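Taking it in order: structure first as structure tokens, then the write-up.
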């Protein structure tokens with residue numbers, strides 16, 4: 001993992017959210033080129049700003065750095081919904097997920 005990962009991940013999550021670099025910069029209270037400068041490798045956000053970016057994108061810092069998850073926002077939504085189901089239903093969902101993951105290998 002390197003600075004390229006951070007740049008690419010911000011871009012990936014921003015596109016998933018459907019916002020432009022300009023809009024994201026504006027929403028975060030920065031000049032229009034702020035996110036462009038991060039995405040192009042000209043700058044990296046300081047820690048406080050990185051946390052604001054994660055919040056804006058709807059991911060935790062841990063989810064941001066999870067390399068094996070292409071869509072952490074979708075995964076987070078699924079986990080939130082799974083917390084609402086009964087234990088028996090959760091076991092059925094786990095069984096189904098295991099079956100589906102075997103079919104994709």
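Bear in mind these aren't lab numbers, they're just calculated from the coordinates by the rules spelled out. This structure is a prediction, so every number in the text was calculated from the model and none was measured. Virtual Cβ from ideal backbone geometry, glycine too; neighbours counted across all protein chains shown.
Residue 70 to residue 86: extension gain in nm, 0.36 nm per residue of separation minus the Cα-Cα distance? Show your work: numbers first, answer last.
Working: separation 16, 0.36 × 16 = 5.76 nm, distance 2.76 nm.
Net length gain for the segment: 3.0 nm.
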Calculated FRET value between residue 37 and residue 77, using beta carbons and R₀ = 30 Å, to 0.05: 0.50
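If contacts are Cα pairs under 8 angstrom and at least 6 residues apart, what is the relative contact order of the chain in percent? Write out the running numbers ahead of the final one.
Numbers: 57 pairs, mean separation 18.9, N = 105.
Relative CO of the chain lands at 18 percent.
At 20 °C and a viscosity of 1.002 mPa s, what translational diffusion coefficient does Stokes-Einstein give for the chain, taking Rh as the Kirkwood radius over Cα pairs? Give it in µm²/s as a whole number. Kindly include the intermediate steps, with their values, before the conclusion.
On the way: Rh = 15.5 Å.
Calculated translational D: 138 µm²/s.
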So, R0 is 41 Å and r is the distance between the beta-carbons of residue 5 and residue 94; what FRET efficiency does that work out to, to 0.05? 0.85
Label residue 17 and residue 51 with points 7 Å out from Cα along Cα→Cβ: what is the distance between them in nm? 1.7
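Please give the length that would be gained between residue 26 and residue 44 if that part of the chain were fully extended, namely 0.36 nm times their separation in residues minus their C-alpha to C-alpha distance (nm, one decimal).
Details: separation 18, 0.36 × 18 = 6.48 nm, distance 1.70 nm.
Here the segment from residue 26 to residue 44 would lengthen by 4.8 nm.
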